[in-house]
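For reference, the structure is listed below as structure tokens.
The values are calculated or read from the model by the stated rules, or taken from the named source; none is laboratory data. Bear in mind the structure is a predicted one, so any value in this text is a computation, not a measurement. Here Cβ is always computed from backbone atoms with ideal geometry, including for glycine, and neighbour counts include all displayed protein chains. These accessible areas exclude ligands, DNA and RNA; they are computed on the full protein's heavy atoms, side chains included. Shrake-Rupley method; radii C 1.70, N 1.55, O 1.52, S 1.80 Å.
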Amino acid sequence: MPADDMSIVLAIDQSTTTGSAALLEGTSLLAERSWEETGIRHQRLFAVLPELLAAASLSAEAIDLFAVGLGPGTFSGLRISLSAAQALAIPGNKPVYGLSSGEAIAWDVLRKTGASSVVVLGDARRHRFWYARFRIEAGRPAMVAPYALVPTHELSSVLDEGAVVVTPHWDRIGAELTAHAQGATPVKNTVVPQARTVGEL
């Protein structure tokens, strides 16, 4: 069932070391939590979920659907997020939706900056980057260049003139990104996906 204005949505994103979870009624935020995940098993989520439900005065049974950020990102975080959402959804046969975490980042940046194009990219290791390009179409972000890998020496070729460039890995790749940005405008800090945006989308 698709979301409507009154659907209670639990959204989770653990594609980066900054995890977040949010409860929404339609697109109205009821409660949210974020945390830094220091362990490799992403177990903080299980302590956060009861806090989140209590803050919104809801039971797990009240949730109508679940939305999970699908990365790109850490395998453990994605696996735990999906497993938790599916476990909560099974008793009531509730739907679970997956959404690109990069799309959530792009939507926040597009709304904040008013840019016509946003490139979301990250560190794929071994001198490579993953990236995708987004713009607003019909009032929401649309992926106009799908996720792909590009080596460092070709990075400037995928950064459009005038595009805003954003990454959840600024601490690791900020210097390289700045050096190759040319006519693009990098956001010079780490930007991570927000669960509330995953839920809105």
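Some notes on this structure:
- Listed values for region 71-88 are Karplus-derived 3J(HN,Hα) couplings in whole Hz (6.51 cos²θ - 1.76 cosθ + 1.60, θ = phi - 60°), namely x, x, x, 6, 4, 4, x, 5, 5, 5, 4, 5, 4, 5, 5, 5, 5, 6, and x replaces Gly and Pro.
- Secondary structure note: in the chain, about 70% of the DSSP beta bridges are antiparallel.
- As a rough guide to protection, the peptides 19-26, 136-143 ranked by mean Cβ packing within 10 Å, highest first, stand as 19-26, 136-143.
- Surface share of carbon and sulfur [accessible, 1.4 angstrom probe, percent] for the chain: 52
- Surface accessible to a 1.4 Å probe, per residue, for the residues of the chain, Å²: 49
- Fraction of beta bridges assigned by DSSP in region 88-191 that are antiparallel (%, nearest 5): 75
- Label-point separation, VAL96 to THR152 (7 Å along Cα→Cβ), nm: 3.8
- Extension gain, ALA145 to ALA87, is 17.6 nm, computed as 0.36 nm per intervening residue step minus the present C-alpha separation.
- Of the trypsin sites (Lys or Arg not before Pro) in region 1-93, the ones in a loop by DSSP (not H, G, I, E or B) with at most 15 other beta carbons within 10 Å are ARG41.
- In sequence order, calculated HN-Hα J values of region 174-179 (Karplus, 6.51, -1.76, 1.60; Hz; x Gly/Pro): x, 5, 5, 4, 4, 5
- Amide H contacts under 5 Å for ILE136, placed H, 5+ residues apart: ALA142
- Annotation: the antiparallel percentage among DSSP beta bridges lying fully within region 1-117 is about 65.
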